[in-house]
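*Asks:* Supplied in structure tokens, the structure appears directly below.
The values are calculated or read from the model by the stated rules, or taken from the named source; none is laboratory data. None of the values given here were measured: they were computed from a predicted structure. All Cβ positions, glycine included, derive from the backbone under ideal geometry; neighbour counts span all protein chains shown. Protein only, heavy atoms only, side chains kept; ligands, DNA and RNA dropped before computing areas. Shrake-Rupley method; radii C 1.70, N 1.55, O 1.52, S 1.80 Å.
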Amino acid sequence: MDLHELIHEYYDDVWVVDTEYRSPEGDQKELRCLCALSMTTGEEICRWYSPVEVCPIPLTENTLVVVYSAGAESGYFFRAGWESRQIHVLDIRLLQLWVLNGTTKWDDMMDNVAQETGEKKRKMNLQLAARMAGIPLIEEKEEMRGLVMSDVRSENFSDDDRNQIIKDCLTDVKTTARAGQGPVSY
């Protein structure tokens, strides 16, 4: 039995989720958007944050939510006021830590990803997870991160900027989905 068969043995639906938000120092998170992909049906959900909207993902007790960083995504759910105590979560970042634990490939891979993406410091991120799964690196990641983290209030983004941020968020969802499926060999 492979991982997908095992997951579907216990869960009726699997949603890969990513969110974007800005967290100004000393202030509450300023939510930007949420994107999700059902691995069961292929349905995509992309929403710019609205304080009156309920969680757009049909979560049940038999739903598995796959994320790259559970701390970030749960913070979005909490700030949005969405109930999240009964959510089953698989965190790809923790799987990445487990796979890399005790290996020297960690340092080499972080160095390579930082060099290729122009990042100023080596860090474990979705880019590294993509590299581990043999997925091409996400282009323009730092530029989009700058737009998401800009001082512009969520309600003041232009439609074009909102669409760019949502497109980037959905790319992260699809990359997370692929990284969670990709074989890692050493």
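*Asks:* I need the semi-axes of the equivalent ellipsoid of region 18-73: take the C-alpha gyration tensor, multiply each eigenvalue by 5, square-root it, list largest first in whole angstrom.
*Replies:* That gives 23, 13, 10 Å for the three semi-axes.
*Asks:* Another question, if that's okay. Given a 1.4 angstrom probe, I'd like the percentage of the accessible area of region 29-96 that is carbon and sulfur, rounded to a whole number.
*Replies:* Answer for region 29-96: carbon and sulfur cover 55 percent of the accessible area.
*Asks:* To continue, here is another question. Could you size up the charge dipole of region 1-46 around its Cα centre, putting +1 on the beta carbon of Lys and Arg and -1 on that of Asp and Glu, and report it in debye to the nearest 20?
*Replies:* Approximately 260 debye in magnitude.
*Asks:* Within 15 Å, Cβ to Cβ, of D91, how many net charges do the neighbouring residues add up to if Lys/Arg are +1 and Asp/Glu are -1?
*Replies:* -2
*Asks:* Full extension from E53 to K174: what is 0.36 nm times the residue separation minus their Cα-Cα distance, to one decimal in nm?
*Replies:* Stretched fully, the E53-K174 segment lengthens by 41.2 nm.
*Asks:* Around T60, with a cut-off of 10 angstrom between Cβ atoms, what is the net charge of the other residues, counting Lys and Arg +1 and Asp and Glu -1?
*Replies:* Once positives and negatives cancel, what remains is -3.
*Asks:* Determine the sum of side-chain charges near I166: Lys and Arg each +1, Asp and Glu each -1, restricted to other residues whose C-beta is under 10 angstrom from that of I166.
*Replies:* Residues close to I166 contribute a combined charge of +1.
*Asks:* Using a 1.4 angstrom probe and counting only protein chains, how large is the accessible area of K167 in Å², to 10?
*Replies:* The value for K167 is about 150 Å².
*Asks:* If you don't mind, there's one more thing I want to ask. Order T60, T175, most accessible first, counting only protein heavy atoms with a 1.4 angstrom probe.
*Replies:* Result, largest first: T60, T175.
*Asks:* Follow-up question, since we're still on this one. Rounded to the nearest 5, what % of DSSP beta bridges with both residues in region 8-71 are antiparallel?
*Replies:* Percent antiparallel among DSSP bridges in region 8-71 is about 75.
*Asks:* While we're here: Treat each spin label as a single point 7 Å out from the Cα along the C-beta direction, and report the E43 to R79 distance in nm.
*Replies:* If labels sit at E43 and R79, their model points lie 2.6 nm apart.
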